[in-house]
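Student: Take a look at the following structure, please.
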Amino acid sequence: MYELVFLTGARAGEVVPVNKNLIGGRSPDCSLEVPDPNASRQHVRFQWDGAVLLVADNGSSNGTYVNDQRIPGPHTAKDGDVVRLGETRIRVQMHKIPSDAHSSSIFGFKEREADLSQSIVMSVSEVRSQGVDAKTLAQRLNAIIQVSKALVNITSEELVSTKIIDTLLEVFPQADRGFLMLGNEVGKLKAMAMRNRKGVTENLSVSTTICRKALESKSAFLFNDQNTGDFDQGMSIVSLKIRSAMTIPLLVGDEILGLVQIDTPDSKRAFTREDLELAVAVCQQAAIAMHNVQLLRNVEHETRQRDNLIRYLPGALADQVKTGNVAMVMGGSTYRATILFSDVIGFTRMSERLSPEQVVALMNAYFNRMVPCIQNHAGSVDKFMGDAIMAVWGVPIDKGDAVTNAATAALSMQNALVGFNSLQARDSQPVLAMGIGLNHGAVVAGNIGTEERKEYTVLGDTVNAAQRLEATAGRGHVLISLACWQALGGAGHGLAMPPLKVKNKADPLTVFSLRGLRILNDEVVLHLPLLSGPVQVYLVRRLADRSFLLLHPAECDILAHDLVSDLQEWSGTPLGRPEMVQVLPPQSGDGTLVRSQIKLPDADLAGLIGPNAITCTRTWDTMLRSAAE
């Protein structure tokens with residue numbers, strides 16, 4: 001299954017699962033509301049059939065773009081595509097779906113040979129289309145439409161199997177029972193569904209001969225007691241008293257997926273040749289639906305394999321290992337990489353007041369918020385070190401956006417912690433403070449350790465300096481090196497900090513406190529704590545129209561006070577009285593906080609969002625790493 005991630009606009013950061021067809025536009029009636037004045041009321045269609053996601057313009061005024069190319073017609077979306085409607089950009093990405101456990105087998109085979117000489121046999125690929133009357137063709141078409149509607153948006157083999165049988169029982173009112181098995185050989189057939197008119201599952205014995213013949217010949221079989229005398233005894237097709245049955249293989253091209261059988265114990269309602277043709281036509285459509293689900297399952301399997309590798313290797317490296325392009329041998333290579341270190345401030349002191357179980361639960365909840373911020377911006381977690389995280393960008397492949405992605409991830413982590421802490425406070429649990437350090441430069445990456453135990457990691461002065469920056473970073477800080485600031489090419493916004501003397505460095509480091517980053521559509525990701533009266537609030541984004549997104553407690557009247565900066569390196573700067581634009585729907589990461597869109601008198605925030613960094617006038621010894629220190 002796919003999901004849509006808002007990259008820009010008022011819903012930036014929100015993730016919407018695609019489990020049905022969606023209409024996107026600025027109208028509140030849209031199933032995917034996009035609050036963008038440049039979007040049409042019903043701008044774009046996302047069509048999901050359970051395996052393929054199509055993006056199509058819905059007759060909008062300004063058109064729909066995929067990867068900045070206007071689409072003239074329906075476009076098959078791929079993982080990573082960016083869809084733009086108006087000024088809002090939405091990324092398409094695969095969503096991992098856990099596979100359900102297969103049901104236990106309900107079938108038993110009868111090895112006794114069956115007499116098939118009197119059966120009506122029909123090749124699945126040779127269903128008549130010529131010489132069929134209009135009524136029969138209409139019936140066939142209606143049945144195909146019916147099964148197509150029934151199988152849309154189903155993404156598991158078990159559910160598709162059950163729905164196929166339920167639909168066949170609707171199409172053939174004389175049928176009393178049906179079953180479906182998957183596999184292309186009799187010895188490998190796996191029971192997936194068996195239903196009767198009462199909707200319950202029964203045990204069923206099936207003739208091995210019939211199944212083998214249907215699979216080997218790729219033909220459908222029709223058995224009637226009128227043709228074989230005593231159907232139940234002579235054919236021994238099942239252990240129950242069946243008077244008429246149709247067995248149809250599920251084919252897509254030349255590929256055999258399995259087979260279906262429906263039957264009836266009423267000889268007066270026996271199936272006809274026309275019924276068999278209709279059943280074959282319906283099962284062809286059902287086979288396509290099953291094939292799509294299997295393709296999706298294969299994609300999910302590949303994704304799970306990659307995810308398992310990512311647990312131990314950086315993401316880009318996991319892809320290369322999986323394809324055999326990298327051998328996991330001892331040694332290293334030199335790369336230019338961006339390194340992130342994050343650390344929970346005061347963790348040791350806090351953990352002394354908690355039980356081991358509480359510490360583990362707290363860290364797992366914290367990591368579950370932080371790691372997606374890294375991975376969603378193309379980063380790889382190198383390792384966890386107690387409460388610290390080390391992440392890497394640009395190894396083994398640097399597409400030129402490593403620093404930008406790392407900086408975006410760092411600001412996203414600080415904002416994610418705001419929502420996390422609101423939930424912690426609500427539940428009377430410890431709230432956390434985090435410092436982050438970023439550096440960019442040459443590293444050695446490779447397998448370090450012994451032949452018995454090794455890990456893929458990065459080493460070098462660049463890594464050490466990143467850790468020194470993190471050790472200096474205070475509550476809410478993202479401290480970045482001069483190399484990072486220059487690599488951002490003017491997109492970074494923040495403060496030039498005093499020179500920083502660190503261990504094992506002869507010269508002081510040039511350091512910047514990153515508070516904003518200009519991204520797509522000239523929007524700016526922010527992490528800026530402010531005060532609204534006595535209450536702390538957070539600016540998290542400036543939109544393209546120069547309005548802002550503000551996170552604040554529900555009880556805070558944000559229009560009652562001027563907003564004032566509340567960060568150690570730039571405190572007490574007045575930013576003016578906000579004007580409400582709208583209250584937005586909360587996002588999952590906001591916790592208990594309200595998300596409001598506001599305007600401020602100065603959209604450049606007293607020069608913070610400007611071409612040059614503001615100079616911090618405080619010295620390091622006057623800025624405490626934690627308010628508790």
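Student: Counting only residues that are over 21 Å from Glu274 (Cβ atoms), modelled with pLDDT of 55 or more and open to solvent by less than 40 Å² (accessible area, probe 1.4 Å), how many does region 211-244 have?
Tutor: Going through region 211-244 one residue at a time, the tally reaches 2.
Student: Taking region 509-535, which residues are within 23 Å of Arg475 (Cβ to Cβ) and either in a loop (DSSP other than H, G, I, E, B) or open to solvent by 40 Å² or more (accessible area, probe 1.4 Å) (or both)? Let's see the steps before the verdict.
Tutor: Pass one, region 509-535, residues within 23 Å of Arg475 (Cβ to Cβ): 509-517, 524-535.
Scanning region 509-535 gives Thr510, Leu531, Gly533, Pro534, Val535.
Student: While we're on this one: What are the residues in region 245-277 that are open to solvent by 10 Å² or more (accessible area, probe 1.4 Å) and over 39 Å from the mean Cα position of the chain (by Cα), if any?
Tutor: Pro265, Asp266, Ser267, Lys268, Arg269, Ala270, Thr272, Arg273, Glu274, Asp275
Student: Being among the polar types (S, T, N, Q) and open to solvent by 30 Å² or more (accessible area, probe 1.4 Å), is that true of even one residue in region 547-564? Walk me through it before giving the result.
Tutor: First, the residues of region 547-564 that are among the polar types (S, T, N, Q): 547.
Those left that are additionally open to solvent by 30 Å² or more (accessible area, probe 1.4 Å): none.
Looking through region 547-564, none of the residues is among the polar types (S, T, N, Q) and open to solvent by 30 Å² or more (accessible area, probe 1.4 Å).
Student: How many of the residues in region 575-625 are at negative phi, among the small types (Gly, Ala, Ser) and assigned to a loop (DSSP other than H, G, I, E, B)?
Tutor: Matching residues across region 575-625 total 3.
Student: Regarding region 55-76, can at least one residue be identified that is at pLDDT below 90, open to solvent by 40 Å² or more (accessible area, probe 1.4 Å) and not in a strand (DSSP E or B)? Write out each step before concluding.
Tutor: The initial filter retains those residues of region 55-76 that are at pLDDT below 90, namely none.
Checked against the condition, which is being at pLDDT below 90, open to solvent by 40 Å² or more (accessible area, probe 1.4 Å) and not in a strand (DSSP E or B), region 55-76 yields no hits at all.
Student: Go through (1) out of contact with any Ser or Thr (no Cβ under 7 Å at 6 or more places or on another chain); (2) open to solvent by 10 Å² or more (accessible area, probe 1.4 Å); (3) not in a helix (DSSP H, G or I) and name the single condition Ile480 misses.
Tutor: For Ile480, the failing item is (2).
Student: I would also like to ask the following. Give region 367-425 a look and list any residue that's small (Gly, Ala, Ser) and farther than 23 Å from His493 by Cβ, or say none.
Tutor: Here is the first cut: in region 367-425, the residues small (Gly, Ala, Ser) are 378-380, 386, 388, 391, 394, 400, 402, 406-407, 409-410, 412, 416, 419, 422, 425.
Residues satisfying the conditions are Ser380, Gly386, Ala388, Ser422, Ala425.
Student: Under 6 Å by Cβ, and 6 or more places apart or on different chains, what pairs join a residue from region 347-374 that is more than 19 Å from Ser422 (Cβ to Cβ) with one that is hydroxyl-bearing (Ser, Thr, Tyr)?
Tutor: Val359/Ser351
Student: With Ala544, Ala445 as the choices, which residue is at pLDDT below 95, within 21 Å of Val381 (Cβ to Cβ) and either in a loop (DSSP other than H, G, I, E, B) or among the small types (Gly, Ala, Ser) (or both)? I'd like the intermediate steps shown before the answer.
Tutor: Values: Ala544 fails: within 21 Å of Val381 (Cβ to Cβ).
So the residue among Ala544, Ala445 that is at pLDDT below 95, within 21 Å of Val381 (Cβ to Cβ) and either in a loop (DSSP other than H, G, I, E, B) or among the small types (Gly, Ala, Ser) (or both) is Ala445.
Student: Next question. For region 285-381, please list each of the helices (runs of 4 or more DSSP H) lying entirely inside it that holds at least 1 residues being of a type in the set (A, V, I, L, M), open to solvent by less than 20 Å² (accessible area, probe 1.4 Å) and at pLDDT 65 or above.
Tutor: Values: elements: 315-322, 347-351, 356-375.
Answer list for region 285-381: 347-351, 356-375.
Student: Out of region 417-434, which residues are within 20 Å of Arg541 (Cα to Cα) and surrounded by fewer than 24 Cβ atoms within 10 Å (Cβ to Cβ)?
Tutor: Kept after step one, since they are within 20 Å of Arg541 (Cα to Cα), are these residues of region 417-434: 417-422, 434.
Within region 417-434, Val418, Gly419, Phe420, Asn421, Ser422 meet the criteria.
Student: Please determine, by comparing only the residues of region 26-41 that are without any contact (Cβ under 8 Å) to a residue 24 or more places away in the chain and open to solvent by 100 Å² or more (accessible area, probe 1.4 Å), which one is nearest to Thr64 (Cα to Cα).
Tutor: Step by step, filter region 26-41, then rank; the result is Arg41.
Student: Shifting gears a bit: Output the number of residues of region 572-597 satisfying the condition of being open to solvent by 70 Å² or more (accessible area, probe 1.4 Å) and among the hydroxyl-bearing types (Ser, Thr, Tyr).
Tutor: The total comes to 1.
Student: Of (1) more than 17 Å from Val418 (Cβ to Cβ); (2) in contact (Cβ under 8 Å) with a residue 40 or more places away in the chain; (3) open to solvent by 10 Å² or more (accessible area, probe 1.4 Å); (4) in contact with a Lys or Arg (Cβ under 7 Å, 6 or more places away or on another chain), Leu600 satisfies all except one. Which?
Tutor: (4)
Student: Please go through region 484-508 and give me each residue that is open to solvent by less than 60 Å² (accessible area, probe 1.4 Å) and among the charged types (D, E, K, R), ordered by number. Break it down stepwise before answering.
Tutor: First, the residues of region 484-508 that are open to solvent by less than 60 Å² (accessible area, probe 1.4 Å): 484-485, 487-488, 490-498, 500, 502, 505.
Matches in region 484-508: Lys505 only.
Student: Which pairs have Cβ atoms under 6 Å, sit 6 or more apart or on different chains, and link a residue in region 62-80 that is farther than 25 Å from His377 by Cα to one that is surrounded by fewer than 13 Cβ atoms within 10 Å (Cβ to Cβ)?
Tutor: Close Cβ pairs (under 6 Å, with a partner that is surrounded by fewer than 13 Cβ atoms within 10 Å (Cβ to Cβ)) amount to Gly63/Arg70.
The values are calculated or read from the model by the stated rules, or taken from the named source; none is laboratory data. The structure displayed is predicted, hence computed values, not measured ones. For neighbour counting, all protein chains shown are included, and Cβ atoms are generated from backbone atoms with ideal geometry for every residue, glycine included. For the accessible areas, the whole protein counts, side chains as well, though only heavy atoms, and no ligand, DNA or RNA atoms are used. Shrake-Rupley method; radii C 1.70, N 1.55, O 1.52, S 1.80 Å.
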